[in-house]
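*Asks:* Here it is: the structure, laid out below.
The values are calculated or read from the model by the stated rules, or taken from the named source; none is laboratory data. This structure is a prediction, so every number in the text was calculated from the model and none was measured. When we count neighbours, we look across all protein chains shown, and the Cβ atoms used for this are built from the backbone with ideal geometry, even at glycine. With ligands, DNA and RNA removed, areas are computed over all heavy atoms of the protein, side chains included. Shrake-Rupley method; radii C 1.70, N 1.55, O 1.52, S 1.80 Å.
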Amino acid sequence: EITSLLSLYGGQFSGEQEIRVNSPFWILSIPSEEMARGLMKRTVCAKSIFELWGHGRSAGELYASLKNYPTDKMLPYLQSDSTYKVHIHTFNKTLTQAQKIKKIDALEFLPFKGKVNLKKPEHIFWILEDYGMDPNNVPEEPFHLYFGRWVHGQRELIESYSVKKRHFIGNTSMDACLSFIMANHGRVKPNDVVYDPFVGTGGLLISSAHFGAYVCGTDIDYNTIHGLGKASRKNQKWRGPDENIRANLRQYGLEKYYLDALVSDSSRPIWRKGMLFDAIITDPPYGIREATRRTGSQKEMVKSAERSTENHIFVSSNYHLSDIFFDLLKFAAEYLVMGGRLVYWLPIYRPEYTEEIIPRHPCLKLISNCEQMLSSHTSRRLITMEKVKEFKDQDQNSYLLDGQYMPYRGHNSFREKYFSGVTKRIAKEEKDSQK
């Protein structure tokens with residue numbers, strides 16, 4: 001998420017520090033404080049951002065680093081008419097109050113001229129100490145120490161968009177935190193057009209609309225699109241008259257960004273050539289709570305039409321997991337703008353997972369692959385891909401197999417290679433958890 005936002009706002013990981021993947025502290029090079037604030041207003045993975053004044057692997061290194069920090073950069077925040085506070089945060093270790101005071105007193109060489117105000121200070125300075133990730137093996141001294149001025153924090157976004165408070169929800173409505181992470185992976189920005197081909201109750205549209213994008217989606221389920229049928233909330237039998245996607249966006253003051261939601265089969269794209277989206281952000285259906293369905297054969301459709309010309313419930317058939325992802329990648333390759341991103345969840349069976357499982361397309365480049373654990377054996381991976389090549393007719397039915405792009409010949413050959421039994425295993429674990 002942070003990497004995507006840096007590419008959107010400007011900045012990069014600093015070369016000063018060897019980045020440890022599991023470290024809670026990262027050093028970034030960002031051109032301005034304004035850009036840093038913009039990044040923090042969007043991220044849900046980071047808690048705070050600081051202007052780094054000094055750091056080191058020991059207290060001595062930290063103090064030496066602080067003494068080398070330009071005084072002219074410090075002075076605007078240390079004036080006699082200002083107020084300040086020094087806060088200490090230790091990761092993976094708890095310090096006594098006496099230990100904290102001792103560490104704060106050790107910074108007396110800094111030219112603080114203002115008054116201390118613990119309740120409402122103008123400037124807050126932090127000492128950050130990293131004691132590693134192993135709670136059973138906490139070192140006496142920290143691995144790394146940092147000191148800096150607090151710039152901005154962001155934790156209210158998730159709570160304000162909580163699914164529990166949402167007007168219209170379904171059985172598998174996306175968690176607000178994950179929804180914002182997906183929008184950030186997609187680098188959604190104001191005036192983008194964002195599309196969800198498995199829109200459901202529209203949870204993924206909300207996060208994109210919050211960032212100023214115009215949103216739309218499609219789904220095969222007529223009742224979900226129109227807000228009809230049984231409710232997903234406890235102690236509520238049927239959905240109310242205004243339970244729909246538009247009402248959700250209206251709840252958050254985002255209705256002006258809502259284009260529309262259509263009843264459509266994602267395996268049969270309805271968009272004309274040249275219709276381009278800036279991002280496609282979606283959670284394809286899998287498991288037993290959300291059935292994977294698509295429209296039936298032409299013969300079945302004709303028979304259905306003969307029985308009732310007014311019936312909106314069309315014939316549907318099974319939609320194999322491998323077909324879903326193949327159709328999704330093909331659609332993204334054709335309808336994304338150049339540089340646009342596809343962000344989606346891919347279910348996997350962990351004992352059999354390898355990097356080769358990730359579906360590929362010649363027009364799309366894999367940007368990131370992040371795992372969310374569901375159980376000891378199953379998980380899902382958040383896949384982010386970027387369009388890097390114009391779609392041509394020869395790319396219509398291509399997928400990657402053993403390092404080469406081959407013509408797609410249906411779900412049997414594809415599924416044997418990539419999705420052997422994933423659907424059945426997830427369905428079994430869901431049934432077991434319900435029991």
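*Asks:* Any chance the range 305-320 includes a residue that's of a type outside the set (Val, Ile, Thr), modelled with pLDDT of 75 or more and open to solvent by less than 70 Å² (accessible area, probe 1.4 Å)?
*Replies:* yes
*Asks:* If we keep just the residues of the range 138-148 that are in contact (Cβ under 8 Å) with a residue 24 or more places away in the chain and surrounded by fewer than 18 Cβ atoms within 10 Å (Cβ to Cβ), which is farthest from Tyr69 (Cα to Cα)?
*Replies:* Val138
*Asks:* On to the next question. Given the criteria within 30 Å of His210 (Cα to Cα), in the same structural domain as Ala106 (by the TED database) and among the acidic types (Asp, Glu), does Glu61 qualify?
*Replies:* Answer is no for this residue.
*Asks:* Another question about this same structure. What is the one condition in (1) on the phi < 0 side of the Ramachandran plot; (2) surrounded by 15 or more Cβ atoms within 10 Å (Cβ to Cβ); (3) of a type outside the set (Lys, Arg) that Gly132 does not satisfy?
*Replies:* All conditions pass for Gly132, except number (1).
*Asks:* Can you confirm whether Arg166 is in contact (Cβ under 8 Å) with a residue 60 or more places away in the chain, among the basic types (Lys, Arg) and not assigned by the TED database to the domain that holds Pro24?
*Replies:* In short, yes.
*Asks:* Then there's this: Check the range 171-186 and report whether any residue there is over 29 Å from Asp327 (Cβ atoms), of a type in the set (Gly, Ala, Ser), open to solvent by 10 Å² or more (accessible area, probe 1.4 Å) and out of contact with any strand residue (DSSP E or B) (no Cβ under 8 Å at 6 or more places or on another chain).
*Replies:* Scanning the range 171-186, I find no residue that is over 29 Å from Asp327 (Cβ atoms), of a type in the set (Gly, Ala, Ser), open to solvent by 10 Å² or more (accessible area, probe 1.4 Å) and out of contact with any strand residue (DSSP E or B) (no Cβ under 8 Å at 6 or more places or on another chain), so the answer is no.
*Asks:* Taking the range 200-221, which residues are within 12 Å of Arg246 (Cα to Cα) and under 16 Å from the mean Cα position of the chain (by Cα)?
*Replies:* The answer is Gly202, Gly203, Leu205, Ile206, Ala209.
*Asks:* State which residue is least open to solvent (accessible area, probe 1.4 Å) when the search covers only the range 326-376 and only residues that are more than 21 Å from Ser208 (Cβ to Cβ) and basic (Lys, Arg).
*Replies:* Among those residues, the one meeting the criterion is Lys330.
*Asks:* What do you reckon, is Phe125 open to solvent by 20 Å² or more (accessible area, probe 1.4 Å) and assigned by the TED database to the domain that holds Lys47?
*Replies:* no
*Asks:* Looking at (1) in contact with a helix residue (DSSP H, G or I) (Cβ under 7 Å, 6 or more places away or on another chain); (2) exposed (fewer than 11 other Cβ atoms within 10 Å of the Cβ); (3) of a type in the set (D, E, K, R), which one does Arg42 not meet, given that it meets all the others?
*Replies:* (2)
*Asks:* While we're looking at this one, here's another question. Could you list, in sequence order, all residues of the range 20-39 that are open to solvent by 80 Å² or more (accessible area, probe 1.4 Å), part of a loop (DSSP other than H, G, I, E, B) and not aliphatic (A, V, I, L, M)?
*Replies:* Arg20, Asn22, Trp26, Pro31
*Asks:* Pairs please, first residue from the range 242-255 and hydroxyl-bearing (Ser, Thr, Tyr), second anywhere and crowded, with 16+ Cβ neighbours inside 10 Å and modelled with pLDDT of 95 or more, Cβ atoms under 8 Å, 6+ apart in sequence or on different chains.
*Replies:* Matching pairs, first to second residue: Tyr252/Ile206; Tyr252/Ala209; Tyr252/His210.
*Asks:* Select from the range 234-259 the residues that are charged (D, E, K, R) and open to solvent by 70 Å² or more (accessible area, probe 1.4 Å) and write down the one among them that is nearest to Val193 (Cα to Cα).
*Replies:* Lys256
*Asks:* For the range 156-170, how many residues are surrounded by fewer than 23 Cβ atoms within 10 Å (Cβ to Cβ) and not in a helix (DSSP H, G or I)?
*Replies:* 6
*Asks:* With respect to Tyr399, determine if the residue is at pLDDT below 85, in contact with a helix residue (DSSP H, G or I) (Cβ under 7 Å, 6 or more places away or on another chain) and open to solvent by less than 30 Å² (accessible area, probe 1.4 Å).
*Replies:* So Tyr399 passes the test.
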